[in-house]
Each structure stands twice: as structure tokens, then as C-alpha cells.
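A single structure is presented below for examination.
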Amino acid sequence: MQKRVTILAGVAFLLCLAWVLPASGWLNPYLVMIFMYVGINMILTLSLNLVNGYLGEFSVGHAGFMAIGAYVSAILTVWVLPRPWAPWLFPLVLVAGGLVTALAGLVVAFPSFRTRGDYLAIVTLAFNMIVKSILENLEILGGPRGFLGMPRLTNLPWVVAWVLITLFLCRNLVYSNVGRGLMAIREDELAANLTSVDTRRLKIYAFLISAFFAGIAGGLFAHLLQFINPRSFSILKSTDMLVMVYLGGVGSLTGSLLGAAIFTLLLEALRPLGLWRWVVGPLLLILLMIFRPHGIMGFREAPWLRTVSREP
């Protein structure tokens, strides 16, 4: 009971801090922007870790899901909703973008029944390229020039709130029967099938949930920059997500938060290098695969994210 109260107090403190710091002017807009990028990357990393870490698949097309969520939510706020209503309906806009993205996740979920490892990587890479190519050729959405006109609805409190929601739902999923089933598939899919684990159903769940939260992150990203174009969701973006997952640790929610924070701040610190800083992501991924394939917190969890034992 005491642990739950401490966690709830910490959540309330974070939400208050996220609202007070920007409003009071104690943080300059640049730092607020960096913290929002860190939060959005945390959502992306948590969602991708469900598939790459807990399910044991190797998806490299997560930026495609992010793109769908970004464009759907942007279309809703620019073309559908009256501008005065947009701030009040922003959570519903994000959820709508996430749901459409989850439907797109079925496109990847079904090939995963027959492919794993390198073959699934090729399928998800193709999915990412298809999404990017479609967006580049849709003139109604600006084509390669991009889509703009979204109001600035993303702020630090909203980002922190969605990070906490994503973490809470992913944590409950991981410690549920579904999560144990996903880890059983990761260890040995054939053995999991023989022990009555419905592997097809659980794979669909994992891909849908992962895609949903990637869509949420895409919506936050679109309404932070107020401009999106297909190049923002290229294979390089998917590579950055992979680096964050494998840097923090596969099969670890704590590692997802840690990897997203470290990598985002590292890229920002290397900004003076210009285009050369984008070499860091792929190079870091190669080094991780060789020297630390499970990452910093691989298959380990912080005490405050573990299951809470029931008191009599």
C-alpha cells in the first residue's frame, strides 16, 4: 500500500512540475522543447520495446506507424475540427490517430505469423518505405513538401501525461497473462504453442498496442512542430528508435525511459557537428549489437516498476 501511495504522489508531483516550470519561466523554451522531445521518444521506445523486447520480434518500421498517427491527427485538427474546439478535443484527436495507426498495425501483424527475425525486419522496412512513398505522392497532403497548419497543442504537461499513461498501460500489460505469453513466445514460440499460448492472438495484441502508442507519439510530434513531411519518418527515424530500445535495454520499461533520455540528449549535445551527428545513431546501434546486445537494463527492471505484492 505504501509503495502505491508513493508512486501516486510521484505521478502527481511530475504533472505539477510539468505545468509549473514552463508557466513560471524557470525553464527557457529551448529546454522545454528538449524535454518534450525526450517524452515523445520515451513513448516511441516503450511501444517499440513491446515488439522488439518482450515479443522478441525485430521490427524496423516503427517510423511508419508514427507517420500515420502524425498525419491523421494533423488532418483532424486542420480540416475537420473547428479551431476553437481543437485544444479541448486534443486528447480525442490523439486517440483517433492512435486507433487508425493500430489498424495499420494489422498489416504488420499478419506477416509476423509466418516470418521472424531478418524476414520480419524486411517486411517492416518495406512497410515504412511504402508509407513514406504514399505520403510523398499524395498532393492533397502536400506531397514531399509536407503538411502544415496545425495549432501548437502539444505542451510539456500533455507530453508528461501521455508518457505516464503509456508507462502505466505497458507495465500492466507486461505483468499480465498477456505479457507472460509474449515473453514465452520470445523464448520459444513452438514451446509456447504447445503450452496452449495463443501466439497469433498475442502477436496481434502486441503489434496493435505498439502501433497505437506510436500513433500517439506521432500526433504529439505533429502538434509540437506544426509541420510534418515524409522525410521526418524515414528509415533513419526508425533506426533512432532501435538505438534507443537497444541502448536502454530490451525487455525493460526502465531501459526504454533511460535509452530515450540518453540518446535524445546525446544528439542534442552533438548538434554543433551538423550532419555528422546523424552518423552517431547507426554507429551506436552497430556497437551495441556487438558489445552490449541487451543494452544497459536488458531484461531488468527498476524496483518501482515491478509488481506490487498484495498485502493481507
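Do we find that Gly295 is closer than 19 Å to Met42 by Cβ and touching a Leu at 6+ places or on another chain (Cβ under 6 Å) in this structure? Don't jump to the end; show me each part of the working.
Values: closer than 19 Å to Met42 by Cβ: yes; touching a Leu at 6+ places or on another chain (Cβ under 6 Å): yes.
It is true that Gly295 is closer than 19 Å to Met42 by Cβ and touching a Leu at 6+ places or on another chain (Cβ under 6 Å).
Does Gly274 satisfy the criteria of being free of Cβ contacts under 8 Å to residues at least 12 places away in the same chain and of a type outside the set (A, V, I, L, M, F, W, C)?
For Gly274, the condition - free of Cβ contacts under 8 Å to residues at least 12 places away in the same chain and of a type outside the set (A, V, I, L, M, F, W, C) - is met.
Please work out which one of (1) under 20 Å from Leu257 (Cβ atoms); (2) in a helix (DSSP H, G or I); (3) touching a residue at least 24 places away in the same chain (Cβ under 8 Å); (4) among the small types (Gly, Ala, Ser) is the condition Ser59 fails and give its number.
In the conditions (1) under 20 Å from Leu257 (Cβ atoms); (2) in a helix (DSSP H, G or I); (3) touching a residue at least 24 places away in the same chain (Cβ under 8 Å); (4) among the small types (Gly, Ala, Ser), Ser59 misses (2) alone.
Please list, ordered by residue number, the helices (runs of 4 or more DSSP H) wholly in segment 165-255 having 3 or more residues that are of a type in the set (Gly, Ala, Ser).
Helices (runs of 4 or more DSSP H) meeting the threshold: 177-187, 199-225.
Now a separate question. Taking segment 264-283, which residues are surrounded by fewer than 15 Cβ atoms within 10 Å (Cβ to Cβ) and of a type in the set (Gly, Ala, Ser)?
Ala269, Gly274
Can you name the residue in segment 133-160 that is part of a loop (DSSP other than H, G, I, E, B) and polar (S, T, N, Q) and, of all such residues, is farthest from Gly10 (Cα to Cα)?
Among those that are part of a loop (DSSP other than H, G, I, E, B) and polar (S, T, N, Q), it is Thr154.
Turning to a different aspect of this structure: Only one of (1) at pLDDT 95 or above; (2) farther than 20 Å from Leu257 by Cβ is not met by Trp162, so which one is it?
Trp162 satisfies every listed condition except (2).
Only residues that are of a type outside the set (Gly, Ala, Ser) and either exposed (fewer than 14 other Cβ atoms within 10 Å of the Cβ) or not in a helix (DSSP H, G or I) (or both): list them for segment 112-128, please.
Passing the criteria: Phe113, Arg114, Thr115, Arg116, Asp118, Tyr119.
Report, by residue number, each residue of segment 186-216 that is closer than 20 Å to Met129 by Cβ and small (Gly, Ala, Ser).
Residues satisfying the conditions are Ser210, Ala211, Ala214, Gly215.
OK, next. Determine if segment 190-201 includes at least one residue that is aliphatic (A, V, I, L, M), surrounded by 15 or more Cβ atoms within 10 Å (Cβ to Cβ) and touching a residue at least 24 places away in the same chain (Cβ under 8 Å).
no
Follow-up question, since we're still on this one. Kindly evaluate Ala74 against the criterion of being under 19 Å from Gln226 (Cα atoms), over 17 Å from the mean Cα position of the chain (by Cα) and surrounded by 24 or more Cβ atoms within 10 Å (Cβ to Cβ).
On the way: under 19 Å from Gln226 (Cα atoms): yes; over 17 Å from the mean Cα position of the chain (by Cα): yes; surrounded by 24 or more Cβ atoms within 10 Å (Cβ to Cβ): yes.
Considered against the rule, which asks whether it is under 19 Å from Gln226 (Cα atoms), over 17 Å from the mean Cα position of the chain (by Cα) and surrounded by 24 or more Cβ atoms within 10 Å (Cβ to Cβ), Ala74 comes out as yes.
Table: residues versus (1) free of Cβ contacts under 8 Å to residues at least 24 places away in the same chain; (2) within 28 Å of Pro230 (Cβ to Cβ).
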residue	(1), (2)
Leu156	no, yes
Val159	no, yes
Ser176	yes, no
Ile185	no, no
Leu208	no, yes
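Quick one: Asn193 ticks every box in (1) more than 30 Å from Trp304 (Cα to Cα); (2) modelled with pLDDT of 95 or more bar one, so which box is it?
It fails just one condition, (2).
Here are the criteria: (1) surrounded by fewer than 20 Cβ atoms within 10 Å (Cβ to Cβ); (2) more than 20 Å from Met36 (Cβ to Cβ); (3) modelled with pLDDT of 95 or more. Tell me which single one Leu225 does not satisfy.
Tallying (1) surrounded by fewer than 20 Cβ atoms within 10 Å (Cβ to Cβ); (2) more than 20 Å from Met36 (Cβ to Cβ); (3) modelled with pLDDT of 95 or more, Leu225 fails exactly one: (2).
The values are calculated or read from the model by the stated rules, or taken from the named source; none is laboratory data. Given the structure is predicted, the values throughout are model-derived calculations rather than measurements. Please note: Cβ atoms are built from the backbone with ideal geometry, for glycine as well, and neighbour counts cover all protein chains shown.
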